[in-house]
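Worksheet: one structure, shown below.
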Amino acid sequence: MELRLDGKVALVTGASSGLGERFATTLAASGAAVGLAARRIDRLQSLAATIGRSGGKALPVVMDVTSVADIARAVDEVESQLGPIDILVNNSGVSASQRLGDYTEAEYDHVMNTNVKGAFFVAQTVGKRMVTRGGGRIINIGSAAGVHVMPRIAIYGMSKAAIVHMTKSMAREWGRAGVNVNALCPGYIETELNRDHWRTEAGRKLMALLPRQRTGQTSDLDGLVVLLASDASGFVNGAVIVADDGLSLG
């Protein structure tokens with residue numbers, strides 16, 4: 001079965017780089033019109049132009065996920081120009097790497113305000129509209145760190161564990177309205193933000209401890225995100241899908 005998203009409208013948060021950029025490109029290539037949301041409008045405009053040259057349709061919109069009012073404004077903009085949102089990839093996220101005793105209040109607030117508060121209110125804003133319209137797909141981007149302990153990223157892991165519980169709660173409450181809510185939890189994926197780290201001595205040592213001594217590529221998640229966004233995932237609701245190359249197996 002070929003999975004296509006023709007005629008669908010998707011919104012991807014955190015679309016200016018990394019996983020979000022790849023998710024947006026993949027959904028557009030599968031036929032969806034995609035709202036590209038992040039704070040860096042220049043990056044979004046460049047991505048929209050790239051998608052357009054490939055025959056896709058994308059709309060860049062500025063969104064600060066830590067502001068509920070800004071979320072509502074950006075969602076209104078996407079729906080006024082592209083149509084009702086059928087698919088949300090709730091991807092915006094940040095991290096902070098410290099030993100537990102060294103985290104500051106500012107670091108804690110930065111991670112939690114983006115990864116938990118931001119993710120919740122993006123999903124709430126879009127989800128309420130999907131419930132009213134009788135259906136939709138929400139893909140919350142969690143992390144393998146949210147389902148098992150990983151070193152030096154405790155607060156990030158805490159925030160992603162919250163995403164797992166949020167996903168299950170939303171799936172339970174909104175499922176009757178035809179809204180499927182699932183969590184995609186990647187392991188170590190190489191992106192432009194961490195690529196240099198994997199070339200350092202510390203990065204190579206960490207990679208040597210991974211089950212197959214490799215990191216994932218953003219393309220490794222293409223099939224999962226398209227499946228969860230498509231009508232083919234109609235019986236998948238409340239799932240927590242860990243894509244970590246076996247890391248969580250120990």
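The values are calculated or read from the model by the stated rules, or taken from the named source; none is laboratory data. Being a predicted model, the structure only gives us computed values, none of them experimental. Virtual Cβ from ideal backbone geometry, glycine too; neighbours counted across all protein chains shown. What goes into the accessible areas is simple: the full protein's heavy atoms, side chains included, and nothing from ligands, DNA or RNA. Shrake-Rupley method; radii C 1.70, N 1.55, O 1.52, S 1.80 Å.
Values computed for the structure shown
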| read-out | value |
| --- | --- |
| Equivalent ellipsoid, segment 92-229 (semi-axes from 5 times Cα gyration tensor eigenvalues, Å) | 30, 19, 11 |
| Which label in (i) 41, 35, 15; (ii) 28, 20, 19; (iii) 40, 20, 14 gives the computed semi-axes √(5λ) of the Cα gyration tensor in Å | (ii) |
| Charge dipole (the chain, unit charges on Cβ, about Cα centre) - positive-most of Ile87, Leu3, Gly142 | Leu3 |
| Solvent-accessible area, 1.4 Å probe, carbon plus sulfur percent, for the chain | 52 |
| Neighbourhood charge, 14 Å Cβ-Cβ cut-off, centred on Val94 and excluding it, Lys, Arg +1 and Asp, Glu -1 | +1 |
| Cα-Cα separations in segment 162-250 greater than 18 Å, expressed as whole percent | 54 |
| Separation of alpha-carbon centers, segment 173-250 and segment 64-125, rounded to whole Å | 19 |
| Ranked packing of 103-116, 78-91, most packed first, by mean Cβ within 10 Å | 78-91, 103-116 |
| For Ala58, distant residues with modelled amide H under 5 Å away | Val34 |
| Modelled FRET efficiency - R0 22 Å, Ser219 with Asp42, Cβ distances, 0.05 increments | 0.35 |
| Cα principal axis extents for segment 1-78, largest first, Å | 40, 21, 19 |
| √(5λ) per eigenvalue of the Cα gyration tensor, segment 54-130, largest first, Å | 29, 14, 10 |
| Charged-residue dipole, Cβ positions (Lys, Arg, Asp, Glu), segment 116-227 about Cα centre, Debye nearest 20 | 320 |
| Backbone HN-Hα couplings from phi across segment 161-172 [Karplus 6.51/-1.76/1.60, Hz, Gly and Pro as x] | 5, 5, 5, 4, 5, 4, 4, 5, 5, 5, 4, 5 |
| Long-range HN-HN contacts of Cys185 with modeled amide H, under 5 Å | Gly142, Ile241, Val242, Ala243 |
| Per residue accessible area in Å² of segment 1-73, where ligands, DNA and RNA are left out and the probe is 1.4 Å | 43 |
| Simple Cβ-charge dipole of the chain, Lys/Arg +1 and Asp/Glu -1, about Cα centre, in debye nearest 20 | 280 |
| Full-extension gain in nm, Thr104 to Ser17, via 0.36 nm per residue minus C-alpha separation | 28.7 nm |
| Residue pairs, from the table Lys57/Lys205; Lys117/Lys205; Lys8/Lys160, whose Cα atoms sit over 31 Å apart | Lys57/Lys205; Lys117/Lys205 |
| Other-chain or far-sequence residues with amide H under 5 Å of Gly135's (modelled H) | none |
| Order by protection proxy (mean Cβ within 10 Å, highest first), peptides 217-228, 135-146 | 135-146, 217-228 |
| Table column - 3J(HN,Hα) (Hz), segment 144-159, Karplus curve with 6.51, -1.76, 1.60, x for Gly and Pro | 4, 5, x, 10, 8, 6, 10, x, 6, 10, 4, 5, 4, x, 4, 5 |
| J(HN,Hα) series, segment 180-193, from Karplus relation 6.51 cos²θ - 1.76 cosθ + 1.60, nearest Hz, glycine and proline x | 8, 10, 9, 10, 10, 10, x, x, 6, 10, 6, 9, 4, 6 |
| Protection proxy ranking of 182-188, 21-27, 229-235 - average other beta-carbon atoms within 10 Å, highest first | 21-27, 182-188, 229-235 |
